[in-house]
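Asks: Below you'll find the structure I mean.
The values are calculated or read from the model by the stated rules, or taken from the named source; none is laboratory data. No experiment lies behind these values; they were computed from the predicted model shown. Every residue, glycine as well, gets a Cβ built from its backbone with ideal geometry; the counts of neighbours run over all protein chains shown.
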Amino acid sequence: MTDILVIGGGLTGVYAAIVAADQGARVTIAMKGHGGLSLSHGCIDVMDRSAPSRALSLLPDHHPYKLAGKAHLKDAISKFRDLMQHAGYPFTGKLSKSMSILTALGTIKRTCFAPSGIARGDLDSGGSIVLGKFLGFRDFYPYIIQKQARKVGVKITKFIDLPLLEPPNRRDAYSTDYALLFEDSRWREEIIRMWRPLLPGVKRLGLPAVLGFQNHCQILEELEDSLGIDIFEIPSLPPSVPGLRIERILLRQAQVLGVKIIEGAGVIGRIDGRSRGKRVAGVVLHSTGRTIQLDADVVLLATGGILSGGLVAQQDHRIRESVFDLPVRYPTNRSDWVGLSLFHRQAYAGTGICVNARMQPLGLDEKPMFNNLFAAGGLLAGSDRSLEGSRQGIDLATANCAVYEALR
């Protein structure tokens, strides 16, 4: 028996588990796989606006931010930043003013909070930029970044070919391969020796985000001191090293707090028959050759949307919630699920389950379906997180609210 059973191992689920365990609850996470942090840029987006906190006040009442409330958003961000700071991976930023950073495709994105290594590349701070091109690294193309950035008025002075010692394998190298190599002090010494004569006159250097995992801040400081230049990271294509840094920190903290983690099993919800359908009893986990029944006082759904498996699009033109088969709000005409192109609003992105201000899923009568079932993150209806640039902010704010309501 567990106090809170969290379904989902992404940012929403693991953060919720940490907050609940920190309050003394017995917590179990059940996740079929890892969440989307390895695909993310590793920053905390709140709203894609120059003044995010001001934009929040203009949102409709059914938006997840409005339901959770700004107080939960602020509290969640504070807790998240404390976690990262304690782990030696500090975040910087303000809710009142976003920063502009380069992406691996040369576009400019606004984000509220970023690791210090990425935040140093805030374009609003001005200054000339030189990009480092890693020879043999296929997932970072400075000439594309330079060309695209020029279109939006960002001047990149030049890019410099920087050699890397080849990783010890016979396949294409990924960002994670080089992040592990940068953890090796002797490997770094050789890199610094090769780079130093190639960087005369360079004051500010942008590099792909591969500068280590656990010791990133120390590695960045060592490179800056040895080369005598300011260095910032640019989020690269997946697998995302900044996202994986966050994931590792959160999972490690969850384990420190005694959270039990079950990975690799499918989940089906169970209703408590003794409660006349007013409570859930837990879930049944399905893995190869066996099933496990988990009982819980509270279940928190953090399974994500369509892209994460929390919502499933079926051949009968229905979108189904994957654990308890909760009612889902979506366009009844399947042709309306997507926009005219990739650059139009996508209706499926706003699809999800409706909740009240306590993060309890609502039935067709707009009343809570179960007293002890809560939901948070990408599973919720009412927002297009990609278009709004609100993904991580909604994850944290709604998870914080759901745990608070579940434990009160």
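Asks: Could you pull out the residue among Leu58, Leu37 that is in contact with a Leu (Cβ under 9 Å, 6 or more places away or on another chain) and either hydroxyl-bearing (Ser, Thr, Tyr) or assigned by TED's automatic domain parsing to the domain that holds Ala254 (or both)? First the steps, then the outcome.
Replies: Numbers: Leu58 fails: in contact with a Leu (Cβ under 9 Å, 6 or more places away or on another chain).
It is Leu37.
Asks: Further, regarding this structure: Looking at the range 233-241, is at least one residue touching a Cys at 6+ places or on another chain (Cβ under 8 Å) and not in a helix (DSSP H, G or I)?
Replies: Filtering the range 233-241 down to residues touching a Cys at 6+ places or on another chain (Cβ under 8 Å) leaves 235.
Those still in the list that are not in a helix (DSSP H, G or I) too: 235.
Scanning the range 233-241 turns up at least one residue that is touching a Cys at 6+ places or on another chain (Cβ under 8 Å) and not in a helix (DSSP H, G or I).
Asks: On to the next question. Hey, can you tell me all the residues within the range 3-27 that are surrounded by fewer than 20 Cβ atoms within 10 Å (Cβ to Cβ) and either among the aromatic types (Phe, Trp, Tyr) or assigned to a strand (DSSP E or B) (or both)? Reasoning before the result, please.
Replies: Within the range 3-27, the first condition is being surrounded by fewer than 20 Cβ atoms within 10 Å (Cβ to Cβ), and the residues that meet it are 3, 22-24, 26.
Residue satisfying the conditions is Asp3 alone.
Asks: Provide a single number: the residues in the range 2-28 that are touching a Ser or Thr at 6+ places or on another chain (Cβ under 8 Å) and either aromatic (Phe, Trp, Tyr) or modelled with pLDDT under 95 (or both).
Replies: Looking only at that region, the number is 1.
Asks: Go through the range 287-322 and give me each residue that's over 22 Å from the mean Cα position of the chain (by Cα) and part of a loop (DSSP other than H, G, I, E, B). I'd like the intermediate steps shown before the answer.
Replies: Of all residues in the range 287-322, those over 22 Å from the mean Cα position of the chain (by Cα) come to 287-298, 313-320.
Result: Thr288, Gly289, Gln314, Gln315, Asp316, His317, Arg318.
Yes/no per residue for (1) exposed (fewer than 13 other Cβ atoms within 10 Å of the Cβ); (2) more than 22 Å from Ala376 (Cβ to Cβ); (3) among the hydroxyl-bearing types (Ser, Thr, Tyr); (4) in the same structural domain as Val403 (by TED's automatic domain parsing):
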{"site": "Leu294", "(1), (2), (3), (4)": "no, no, no, yes"}
{"site": "Ile319", "(1), (2), (3), (4)": "no, no, no, yes"}
{"site": "Pro331", "(1), (2), (3), (4)": "no, yes, no, yes"}
{"site": "Leu340", "(1), (2), (3), (4)": "yes, yes, no, yes"}
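Asks: Mind listing whichever residues of the range 227-249 are closer than 19 Å to Gln392 by Cβ and out of contact with any strand residue (DSSP E or B) (no Cβ under 8 Å at 6 or more places or on another chain)?
Replies: The answer is Leu237, Pro238, Pro239, Ser240, Val241, Gly243, Leu244, Ile246, Arg248, Ile249.
Residues checked against (1) buried (at least 20 other Cβ atoms within 10 Å of the Cβ); (2) of a type in the set (D, E, K, R):
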site	(1), (2)
Ala209	yes, no
Asn215	no, no
Val241	yes, no
Leu244	yes, no
Glu247	yes, yes
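Asks: In this structure, does Val46 turn out to be under 24 Å from Ala406 (Cβ atoms), assigned by TED's automatic domain parsing to the domain that holds Arg270, in contact (Cβ under 8 Å) with a residue 60 or more places away in the chain and part of a loop (DSSP other than H, G, I, E, B)?
Replies: On the way: under 24 Å from Ala406 (Cβ atoms): yes; assigned by TED's automatic domain parsing to the domain that holds Arg270: yes; in contact (Cβ under 8 Å) with a residue 60 or more places away in the chain: yes; part of a loop (DSSP other than H, G, I, E, B): yes.
Against the criterion (under 24 Å from Ala406 (Cβ atoms), assigned by TED's automatic domain parsing to the domain that holds Arg270, in contact (Cβ under 8 Å) with a residue 60 or more places away in the chain and part of a loop (DSSP other than H, G, I, E, B)), Val46 qualifies.
Asks: Can you go through Asp139, Asp122 and tell me which one is buried (at least 16 other Cβ atoms within 10 Å of the Cβ), at pLDDT 85 or above and closer than 26 Å to Leu39 by Cβ? Give the steps one after another, and end with the answer.
Replies: Working: Asp139 fails: at pLDDT 85 or above.
Only one candidate passes the filter, namely Asp122.
Asks: Take the residues in the range 61-102 that are of a type in the set (Ser, Thr, Tyr), surrounded by fewer than 20 Cβ atoms within 10 Å (Cβ to Cβ) and under 18 Å from Gly121 (Cβ atoms), then tell me which one is modelled with the highest pLDDT.
Replies: The initial filter retains those residues of the range 61-102 that are of a type in the set (Ser, Thr, Tyr), namely 65, 78, 89, 92, 96, 98, 100.
Checking which are surrounded by fewer than 20 Cβ atoms within 10 Å (Cβ to Cβ) leaves us with 78, 92, 96, 100.
Keeping just the survivors that are under 18 Å from Gly121 (Cβ atoms) gives 92, 100.
Details: Thr92: 96, Ser100: 92.
The selected residue is Thr92.
Asks: Please go through the range 370-408 and give me each residue that is closer than 13 Å to Val355 by Cα, out of contact with any strand residue (DSSP E or B) (no Cβ under 8 Å at 6 or more places or on another chain) and among the polar types (S, T, N, Q), ordered by number.
Replies: Once the filter is applied, which keeps residues that are closer than 13 Å to Val355 by Cα, out of contact with any strand residue (DSSP E or B) (no Cβ under 8 Å at 6 or more places or on another chain) and among the polar types (S, T, N, Q), the range 370-408 yields Asn371, Ser383.
Asks: If you don't mind, there's one more thing I want to ask. Among the numbered criteria (1) under 20 Å from Leu237 (Cα atoms); (2) part of a loop (DSSP other than H, G, I, E, B), which single criterion is violated by Tyr89?
Replies: (1)
Asks: Working only within the range 391-407, note down all residues that are closer than 16 Å to Tyr348 by Cα and either surrounded by 24 or more Cβ atoms within 10 Å (Cβ to Cβ) or among the hydrophobic types (A, V, I, L, M, F, W, C) (or both).
Replies: Of the range 391-407, the ones closer than 16 Å to Tyr348 by Cα are 391.
If the condition is that a residue be closer than 16 Å to Tyr348 by Cα and either surrounded by 24 or more Cβ atoms within 10 Å (Cβ to Cβ) or among the hydrophobic types (A, V, I, L, M, F, W, C) (or both), then no residue fits.
Asks: Among the residues that make up the range 209-226, is at least one of them modelled with pLDDT of 95 or more, among the charged types (D, E, K, R), in contact with a strand residue (DSSP E or B) (Cβ under 8 Å, 6 or more places away or on another chain) and under 29 Å from Ala30 (Cα atoms)?
Replies: Within the range 209-226, none of the residues are modelled with pLDDT of 95 or more, among the charged types (D, E, K, R), in contact with a strand residue (DSSP E or B) (Cβ under 8 Å, 6 or more places away or on another chain) and under 29 Å from Ala30 (Cα atoms).
Asks: Pairs needed: first member in the range 176-194, without any contact (Cβ under 8 Å) to a residue 24 or more places away in the chain; second member anywhere, surrounded by fewer than 17 Cβ atoms within 10 Å (Cβ to Cβ); C-beta distance under 8 Å; at least 6 residues apart or different chains.
Replies: Sorted first by the residue in the range 176-194, then by its partner, the pairs are Asp177/Asn169; Leu181/Leu165; Leu181/Trp187; Trp187/Leu165.
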